[in-house]
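Report on the structure given below.
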Amino acid sequence: MLAADPLPAGRVNLSIRQSGAIVFLLGMALCTALRAQPASLTGLINAYRAAPPPCDGRPSRRVAALATPAALARVQLGAGMLLDQVIERAGYPVARAKAISIAGASDAAMAMDMLAQTYCRTLLSTQYAAVGAGRSGNNWLIVFAQPAPPPAVLLLPNLDDAGLAVLAAVNTARASPARCGEHDFEAAAPLAWNGALGEAALAHSQDMALQRYFSHQDKDGGTVAERALGAGYRWRRIGENIAFGQESAAEVVAGWMASPGHCANIMNPHFTDMGAAYTIDTRGELPRAYWTQVFGTPR
């Protein structure tokens, strides 16, 4: 993945081009101003971004300040380590990152001076949204990062909208003939949403997520027949589909349609009602959704 870019100990001589006298004077004025500020290195980086001098001999534009999450300051990068994995272990989900190591800087102002002379493009990059700096003696590690987007499962709609999305996808599937394993099904009438079956579905999803199991039978031996009755649905026929890990209603219904038994439940012409729900378990490294779909025909 990404390794740190080393910067040798001591100051780096700034390469001045033809308009170098102006660049040099501006650079010296900036360094003097920065050294006068009792700021952290990340504060100096954001001050630099707010009023940047020319970079590589070209005029620079002001760019937005970087966030300074504590997790990035905790990053410790050793030989053979992968930068993105180290950052994520520090508690920052990352999509893109760059680390710069500096040796021989006795304070933040000196470290900033060395950064500005060699890494002006990184300092002014809009590819990163956050920065952190850690220090051990005169050695510094500066980490620039762009956070990873939240897992899609955390962007699921609320339970009502998700349940209705499952219902809509199921009714779309029922509108056409389907082959479920070795069995052919004709198109079937659409199902109606039933709140009691939705409650039964939610109760089972919550229980599976809380106790971290995946089964039609709960830890106490309860079944969908009992859960539906407990929710107030007096049934003549009852059925259930469950799923784990899918990140949208469309994905979960597509998965059920690809499985013969689940597909048969969806296409069963004798069912008239349906409820569905999900619950997300956020305790693991990645959040996971537990889905339950309950079919019924009332007495």
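The values are calculated or read from the model by the stated rules, or taken from the named source; none is laboratory data. Here the structure is a predicted model, which is why all the values come from computation and not from measurement. Here Cβ is always computed from backbone atoms with ideal geometry, including for glycine, and neighbour counts include all displayed protein chains. With ligands, DNA and RNA removed, areas are computed over all heavy atoms of the protein, side chains included. Shrake-Rupley method; radii C 1.70, N 1.55, O 1.52, S 1.80 Å.
Build a GNM of the chain with springs between Cα atoms under 10 Å apart, and of 181, 275, 284 the one that fluctuates most is 284.
Across all Cα atoms of the chain, the radius of gyration (one decimal) and Dmax (whole number) stand at 29.2, 91 Å.
Within 9 Å, Cβ to Cβ, of residue 289, how many net charges do the neighbouring residues add up to if Lys/Arg are +1 and Asp/Glu are -1? With Lys, Arg at +1 and Asp, Glu at -1, the net is -1. A simple count of charges around residue 148, restricted to other residues whose Cβ falls under 10 Å of its Cβ and scoring Lys, Arg +1 and Asp, Glu -1, yields -1. The orientation-averaged shadow of the Cα convex hull for segment 37-123, equal to a quarter of the hull surface, comes to 6.5 nm².
One decimal place: the segment residue 226-residue 70 gains 51.3 nm when fully extended, by the rule 0.36 nm per residue minus the C-alpha distance. Taking every C-alpha pair closer than 8 Å and separated by at least 6 residues, the mean separation divided by the residue count of the chain gives a relative contact order of 17 percent.
Considering only alpha-carbon pairs that sit under 8 angstrom and 6 or more positions apart, the relative contact order computed for segment 47-93 is 27 percent.
Per residue, the accessible area of the chain comes to 52 Å² when a 1.4 Å probe rolls over the protein heavy atoms. Dividing the Cα radius of gyration of segment 113-195 by 2.2 N^0.38 Å, with N the residue count, gives 2.28. Taking 118, 42 and ordering them by how much accessible surface each has at a 1.4 Å probe, largest first, produces 118, 42.
Over all other residues within a Cβ to Cβ distance under 14 Å of residue 217, the charged ones net out to -3, with Lys and Arg as +1 and Asp and Glu as -1. Placing a pseudo-label 7 Å from each Cα along the Cα-to-Cβ vector at residue 171 and residue 283 gives an inter-label distance of 3.7 nm. Less than 5 angstrom separates the built amide H of residue 55 from those of 60, all sequence-distant by 5 or more or on a different chain. Computed over the chain with a Gaussian network model linking Cα atoms closer than 10 Å, the most mobile of 81, 208, 274 is 81. The slack between residue 58 and residue 214, meaning 0.36 nm per residue of separation minus the straight C-alpha distance, is 50.2 nm.
This model, with +1 at the C-beta of Lys and Arg and -1 at the C-beta of Asp and Glu, gives the chain a dipole about its Cα centre of some 1220 debye.
Over the chain, DSSP H runs of length four or greater, each weighted -39,500 (n - 2.57), average out per residue to a 222 nm ellipticity of -10500 deg cm²/dmol. Simple rule: put +1 on each Lys or Arg Cβ and -1 on each Asp or Glu Cβ in segment 76-216, find the dipole, and look at 94, 81, 157; the Cα lying farthest toward the positive end is 81. Relative contact order, whole percent, for segment 148-236 stands at 19, derived from Cα pairs under 8 Å and 6 or more residues apart.
Protein heavy-atom surface of the chain, 1.4 angstrom probe: 55% of the accessible area is carbon and sulfur, with nucleic acids and ligands not counted.
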